[in-house]
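Only one structure is covered here, and it is reproduced in the block below.
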Amino acid sequence: MRIEPATTVKCIADYIGATKIIGDPNQIITGLNELHEVEAGDITFVDHPKYYQRVLNSAATVVIINNGDVECPEGKTLIVHDCPFDAFNKVILSYRRFVPATAMVSPKAEIGEGTIIEPGAFVAEHVKIGKNCIIHANVTINNWTVIGDNVIINSGSVLAADACYFQHRGPDRQVKFESCGRVVIEDDVEIGALCAIDIGVTSDTIIGRGTKMDNHVQVGHDAKIGKNCFLGAHCAIGGVSRVKDNVSIWSMSAVNKDLVIAEGTTILAYTAVDKDTEPGVTYFGMPGMEAKKKWREMACVRMLPDLISKLNK
C-alpha cells in the first residue's frame, strides 16, 4: 500500500508509542507492506527471531521490530516496539479505518459508461468500475475494488472481503491482521456465481485480463491470477500464490498458499497442489504430481492385492 502523503519514521514511532528508534528518525516512509511485497521506501514488521535476518535484509527501508539489540543494516531504520504486529495494525487503521456504507450503490463510486448494475447489488464508496460491465443482482463489491471494462460478475459473488489472516495469541485468542490492499479485476474477466475474491492484506489481489471463473471459486488474499486462466467450480487458490498466464485449474482443486503455478500448467479436478509447478505440465492427485506418473502409480497400487496374494501362496 502506498502512503499518501509520505510520512517519517518519527511520526510513525510517536503514533505507535515506540520505545526506541535505531537509525534516522527523519527517514521518509512512502508505503507499508508485508515481507513478500516490500520495496524501497516501505515500512514492514517482524516479531519472531526466526525471521529477523530475512526481514532486515529485505528491500524494506523501515522495520518495526521487538528487539532493540539487533544490528541495523546500513540505510535502514528500526522502530523498536513491544508488539510489532499490533503496531503495524495501528498504522494500517490510521489509513484504512472501516466506514459503514450508507447506500446500496455509493454515489461516490466511479461507474463507467454502459455498465449495468442490477437491483440488489452492493457497490461501496471506494470502487471503480469500467465500461460495459454487467454486475448481476446480489453481487457485493466492497471498498478498494478496481474493475476494468467488459467484466461480468454473476449473482452472489463477493469482492474484497477481509483476508482470513490472524495471529494466534494463546489457546483462546486470535488477533486479526487488518487489510489495506485492493482487489483488481482486469478487462474481459467473467466471475461465476457465489465466488469470493479476498482483498489484499497490504498489496493487490489480481484477476488477470480474460480469465474466466466458474461458480464457488475462492481466491485468497494477495493472490495474483494471470491472463486467460480458467478456474473451475469449487477450486481454491491460497493467499499470496501466483498463478501465471494460461493456467487451467479444474473443479474441486486446491492450490496451497505462497506457491507459483507456472504458465500453461493444467491442474486436473480433485488435485491438491502443495509445491511450485513446471510450465506446461498437467498435474493430478493429492498431493499433486505429473498426471501420467500419478496414473502409473495408481495402476501399480491396484495390482498390489493380487501380488500380495501370489506371494502368500
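The values are calculated or read from the model by the stated rules, or taken from the named source; none is laboratory data. Just so it is clear, the structure is predicted and the values come from calculations on it, not from any experiment. Because the Cβ atoms are built from the backbone with ideal geometry, glycine has one as well, and the counts that use them run over all protein chains shown.
Mind checking which residues of the range 156-180 are small (G, A, S) and more than 17 Å from Q218 (Cβ to Cβ)? Full working, then the answer.
Filtering the range 156-180 for residues small (G, A, S) gives 156-157, 160-161, 163, 170, 179.
Result: G170, single match.
With the requirement that a residue be loosely packed, with under 14 Cβ neighbours inside 10 Å and hydrophobic (A, V, I, L, M, F, W, C), what does the range 106-139 give you?
I116, A137
Scan the range 163-202 residue by residue and report those that are in contact with a Leu (Cβ under 9 Å, 6 or more places away or on another chain) and among the hydrophobic types (A, V, I, L, M, F, W, C).
C180, V183, I185, I191, C195, A196, I197, I199
K128 passes all but one of (1) assigned to a strand (DSSP E or B); (2) assigned by TED's automatic domain parsing to the domain that holds N26; which number fails?
(2)
Could you give every pair whose Cβ atoms fall below 6 Å, whose first residue belongs to the range 274-303 and is closer than 21 Å to D258 by Cβ, and whose second residue is exposed (fewer than 13 other Cβ atoms within 10 Å of the Cβ), counting only separations of at least 6 or pairs across chains?
D274/P287
Which residue is farthest from N215 (Cα to Cα), if the candidates are limited to the range 140-177 and must be aromatic (F, W, Y) and surrounded by 16 or more Cβ atoms within 10 Å (Cβ to Cβ)?
Among those residues, the one meeting the criterion is F177.
Filter the range 1-10 for residues that are charged (D, E, K, R) and either part of a strand (DSSP E or B) or more than 18 Å from V80 (Cβ to Cβ) (or both) and give the result.
R2, E4
What number of residues in the range 225-248 are of a type in the set (S, T, N, Q) and either part of a strand (DSSP E or B) or touching a helix residue (DSSP H, G or I) at 6+ places or on another chain (Cβ under 9 Å) (or both)?
Summing the residues that are of a type in the set (S, T, N, Q) and either part of a strand (DSSP E or B) or touching a helix residue (DSSP H, G or I) at 6+ places or on another chain (Cβ under 9 Å) (or both) in the range 225-248 gives 1.
Return a yes/no flag: does the range 155-162 have any residue that is more than 19 Å from I117 (Cβ to Cβ) and not aliphatic (A, V, I, L, M).
The answer is yes; a qualifying residue exists.
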